[in-house]
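Everything on this sheet refers to the single structure shown next.
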Amino acid sequence: MFSSVLSHRFETELGLTVTHCPSQDALDAALADAQHRFTMAVVGLNLPGSADGKALDQVIAHDIPAIVFTGTFNAEVRNRITARNVVDYVLKDNEFALDSLLASVRRAISNRRTRVLVVDDVVSARHALADLLEAQQFMVCQAGTGVEALDVLEKHPDIELVLTDHHMPDMDGYELTRRIRNRYSSDRMRVIGISSSGDRLLSASFLKAGASDFVYRPFVPEELQCRISHNVETLAQLKQLRAAAASDYLTGLYNRRYFYDQGPRIVTECLRGSRPASVAILDIDHFKRLNDTYGHEIGDRVLKAVASRLQHLFNGSDNLLSRVGGEEFSMLFAGMDSAAATELCDMVREDIQSLKVVAEEDEISVTVSIGVAEIGGYETFENYLNAADQYLYMAKNHGRNQVYSDARVVGIAAQ
């Protein structure tokens, strides 16, 4: 029963392909099959044909991360499981056991995209922490001093969690925490202090310096694992909140707020680096008429289709794309002057022109008009957009389904 339900949930909720081994013989066959490359194993301590954790030992021998799912648990079993450096163990002793197991698998897979830094001048202690984290599937960096830790943070901007000892030769963990917090906010990076000090006020000092948590040595590994997981999950939740606040509810693109928040920063970086930049506003032609004729449901379908095409065209680029309201989309092109941005927008216009949206028995063609303005100096971000809006007005005034820009206007005048 457990296997059937788990297999279904792993497949439908996590998108995983599941191989079920109900016996030792089935496990032997699965591990012997060279075509199988297993991401993780959920293992019971006893299988028909084997007992006493043989299946767990076999899985670990094949370098497959393991989560133990067991109904038998006591101090001896716990020690036997933890000694094998498993990812986690989940007990079958409550109604939420399956949910807990699913969460554990999801967390372990997610950890593979999370980088953690361990800072400790004692090599053996540092390696022990690194081993614990790697068993949890984290990407782990190490540093032996505070200065080295700051250097590693510069080299790996994707680090999200720092575990630091207190007593170190060049700067203590308290000072390192302060320096980290001066550079990175708590919603971007978490810090956990660790110390074998007998000073019970040390934890308060760390927390006041900006640490997210603190653990005294000797610690219980499961407790530290839980604290680490809680901090990583908090970061993930904050990321989701930021993504929701920055996303347009209908199209999934960035929204107006995000565009106006990030746009000025990108423009300033370009101007400081003497790099060109351009901004564009795209408007769907005759959108009001389309809404009046076919209704808002079809209008929404057109907006989603245009947004999807734009997202596909700009996927992987440094261009900032957003829906700023109604049928208008804004684009910021870092590193492109007006001529290059105009050429790109012409390609976008032609691509969208090939869109067909089905409405009842009709097939609707979609066209767009685009205005492009080059950013030539320090002005308000609103001024850049107003310039692009003027060129958009010219594109519409000259028949729509066109791109107008300062570069194009200059070219037309020269003719």
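Key figures for this structure:
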item	result
Odd one out for residue 342 among (1) hydroxyl-bearing (Ser, Thr, Tyr); (2) part of a helix (DSSP H, G or I); (3) closer than 22 Å to residue 256 by Cβ; (4) under 32 Å from the mean Cα position of the chain (by Cα)	(3)
In the range 372-395, the residues that are among the β-branched types (Val, Ile, Thr) and either closer than 15 Å to residue 265 by Cβ or not assigned by TED's automatic domain parsing to the domain that holds residue 285 (or both)	375, 380
Residue 167, sole failed condition from (1) closer than 15 Å to residue 191 by Cα; (2) surrounded by fewer than 16 Cβ atoms within 10 Å (Cβ to Cβ); (3) not aromatic (Phe, Trp, Tyr)	(1)
Residues (in a loop (DSSP other than H, G, I, E, B) and more than 15 Å from residue 340 (Cβ to Cβ)) located in the range 364-390	366, 367, 377, 378, 379, 380
Residue in the range 179-189 that is within 27 Å of the chain's Cα centre (by Cα), more than 17 Å from residue 230 (Cα to Cα), crowded, with 19+ Cβ neighbours inside 10 Å and of a type in the set (A, V, I, L, M, F, W, C) present	yes
Selection count, the range 289-307, where residues are of a type outside the set (A, V, I, L, M, F, W, C) and farther than 20 Å from residue 322 by Cα	8
Those residues of the range 295-336 which are without any contact (Cβ under 8 Å) to a residue 60 or more places away in the chain, aliphatic (A, V, I, L, M) and in a helix (DSSP H, G or I), in sequence order	303, 307, 310, 313
Per-region count, the range 135-147, residues in a helix (DSSP H, G or I) and crowded, with 16+ Cβ neighbours inside 10 Å	2
Residues (in contact (Cβ under 8 Å) with a residue 12 or more places away in the chain and either in a loop (DSSP other than H, G, I, E, B) or within 25 Å of the chain's Cα centre (by Cα) (or both)) located in the range 262-294	262, 263, 264, 266, 267, 269, 275, 276, 285, 286
Residue selected from the range 314-337 under the condition charged (D, E, K, R) and under 18 Å from residue 303 (Cα atoms), by the criterion surrounded by the most Cβ atoms within 10 Å (Cβ to Cβ)	323
Matching strands (runs of 3 or more DSSP E) fully within the range 17-128 where at least 3 residues are of a type outside the set (Lys, Arg) and more than 30 Å from residue 171 (Cα to Cα)	41-43, 66-70, 88-91
Residue among 259, 219 that is in a helix (DSSP H, G or I) and either aromatic (Phe, Trp, Tyr) or not assigned by TED's automatic domain parsing to the domain that holds residue 323 (or both)	259
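The values are calculated or read from the model by the stated rules, or taken from the named source; none is laboratory data. What you are looking at is a predicted structure, and each value in this text was computed from that prediction instead of being measured. In this analysis, Cβ positions are derived from the backbone assuming ideal geometry, glycine residues included, and neighbour counts consider all displayed protein chains.
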